[in-house]
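Input: a single structure, listed below in structure tokens.
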Amino acid sequence: MSNFNPRANVFILVNLGCEMLYVIDQRLKAQRIAADKSVQVIHDVTTVLLEPKFIDSLLSGSTHRNAQVLTTEHCKFMLNDIATCSLMRLDDSSMDKLWSLMTMIYKWQLFVSRHQLHLLEITFRHLDSINKLYPDTKRHMLIDFTKNTLLDFWNACGEEMQLTIYNTNKAWLQCFNTKISLLIRLGFQAMDGSFIAKVDQDYFNGYVMCIGDNIYIKSAAVKQQSETESNSMNQLAAQLNINQSFGEDLQPIFAGQFQQQFEQTFNNILFDDFDFDVGSDSSKKQDNASSSNTSKGCEFVQVQNNESGDLVKGNSNGSILNQNLLDLYSQMP
């Protein structure tokens with residue numbers, strides 16, 4: 001790590017934090033958490049992650065003579081604190097799975113990037129995308145301020161320094177090699193965990209051209225479009241009365257059937273590392289029943305329930321942002 005540039009710290013933390021928000025949002029929706037609770041979680045986490053004094057401390061601290069690049073343990077610890085600043089609760093296993101998704105998706109984004117300026121583009125797309133998660137004026141102003149702050153910092157570094165920041169981000173992620181079911185299904189990751197440089201799929205360039213966007217939203221839209229096209233082809237085949245009596249080996253298999261068979265065949269490989277129960281013991285059966293119909297893995301957003309089943313942490317009006325944590329990160333030297 002002696003050749004790493006500490007000025008990369010803010011980009012590592014902000015980009016991983018935005019990926020964290022993507023996953024939190026996806027899981028809150030999959031678990032059908034009430035809209036007001038979801039909004040509160042997303043807004044609280046965004047507020048702490050992008051607290052101006054916290055960002056400024058990362059920037060100013062990285063320019064000191066004895067500055068060091070964040071260790072993976074330190075970065076994970078801070079993001080765990082930030083993730084749980086609101087209603088959400090994560091045990092160690094849950095955080096490990098969240099961490100794997102954050103780091104591997106960000107690693108893939110940098111893998112397909114080709115220039116140091118792409119790091120800034122990825123960062124801005126991340127910020128623009130979290131701005132779309134339950135947008136409001138306060139969060140919009142906070143995100144704009146963060147973008148301007150990062151842009152000024154980036155421009156002040158110069159091209160040579162920018163290149164070392166970019167390379168430090170890529171090198172910092174090299175120790176991670178988790179297999180992610182989403183990337184494998186898209187054809188972006190091989191079964192040994194390595195990334196695939198050339199993907200012979202029409203949609204690949206669509207992902208590469210907007211790296212940093214919310215990949216969960218984009219993949220869901222692509223999947224829905226694919227299913228719609230598949231249904232249209234099935235309907236057309238039925239209308240044309242295509243003869244399927246050519247023998248079992250020659251019978252067509254539709255896209256939906258193939259996807260189901262593929263996931264069943266490789267279930268242990270693709271999803272085993274990301275399956276576990278969600279919620280408190282009192283609501284585990286209900287949560288498992290609802291989540292099993294929406295996803296086959298990555299079910300790690302755990303929300304505290306009280307005896308009445310309400311999501312609570314703090315006073316009755318729901319204003320529960322952890323002010324101590326916000327103050328802590330605002331006052332970092």
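Residue 71 satisfies every condition listed in (1) over 18 Å from the mean Cα position of the chain (by Cα); (2) among the hydroxyl-bearing types (Ser, Thr, Tyr); (3) over 26 Å from residue 175 (Cα atoms) except (3).
All conditions but one from (1) open to solvent by less than 20 Å² (accessible area, probe 1.4 Å); (2) not in a helix (DSSP H, G or I) apply to residue 135; the one that does not is (1). Counting the residues of the stretch 30-47 that are among the small types (Gly, Ala, Ser) and in a loop (DSSP other than H, G, I, E, B) gives 1. Scanning the stretch 182-213 for residues that are aliphatic (A, V, I, L, M) and surrounded by 11 or more Cβ atoms within 10 Å (Cβ to Cβ) yields 182, 183, 184, 186, 190, 196, 199, 208, 211. Inspect the stretch 173-182 for any residue being at pLDDT 95 or above and among the aliphatic types (A, V, I, L, M) and give the result as yes or no. So far as the stretch 173-182 goes, yes, one or more of its residues are at pLDDT 95 or above and among the aliphatic types (A, V, I, L, M). Note on the stretch 77-86: residues that are open to solvent by 10 Å² or more (accessible area, probe 1.4 Å) and in contact with a Leu (Cβ under 9 Å, 6 or more places away or on another chain) total 3.
Under the condition of being out of contact with any Cys (no Cβ under 8 Å at 6 or more places or on another chain), crowded, with 22+ Cβ neighbours inside 10 Å and aliphatic (A, V, I, L, M), the residues counted in the stretch 88-104 number 4. Looking at the stretch 128-166 only, could you name the residues that are more than 24 Å from residue 22 (Cα to Cα) and free of Cβ contacts under 8 Å to residues at least 60 places away in the same chain? Scanning the stretch 128-166 gives 152, 154, 155, 156, 158, 159, 160, 162, 163.
Of all the residues in the stretch 154-181, those that are hydrophobic (A, V, I, L, M, F, W, C), part of a helix (DSSP H, G or I) and open to solvent by 30 Å² or more (accessible area, probe 1.4 Å) number 4. So, in the stretch 20-68, how many residues would count as being open to solvent by less than 30 Å² (accessible area, probe 1.4 Å), over 17 Å from the mean Cα position of the chain (by Cα) and among the small types (Gly, Ala, Ser)? Residues flagged as open to solvent by less than 30 Å² (accessible area, probe 1.4 Å), over 17 Å from the mean Cα position of the chain (by Cα) and among the small types (Gly, Ala, Ser) within the stretch 20-68 amount to 4.
The values are calculated or read from the model by the stated rules, or taken from the named source; none is laboratory data. Keep in mind that what you see is a predicted model, and the values were worked out from it rather than measured. When we count neighbours, we look across all protein chains shown, and the Cβ atoms used for this are built from the backbone with ideal geometry, even at glycine. Please note that ligands, DNA and RNA were not included when accessible areas were found on the heavy atoms of the full protein model with its side chains. Shrake-Rupley method; radii C 1.70, N 1.55, O 1.52, S 1.80 Å.
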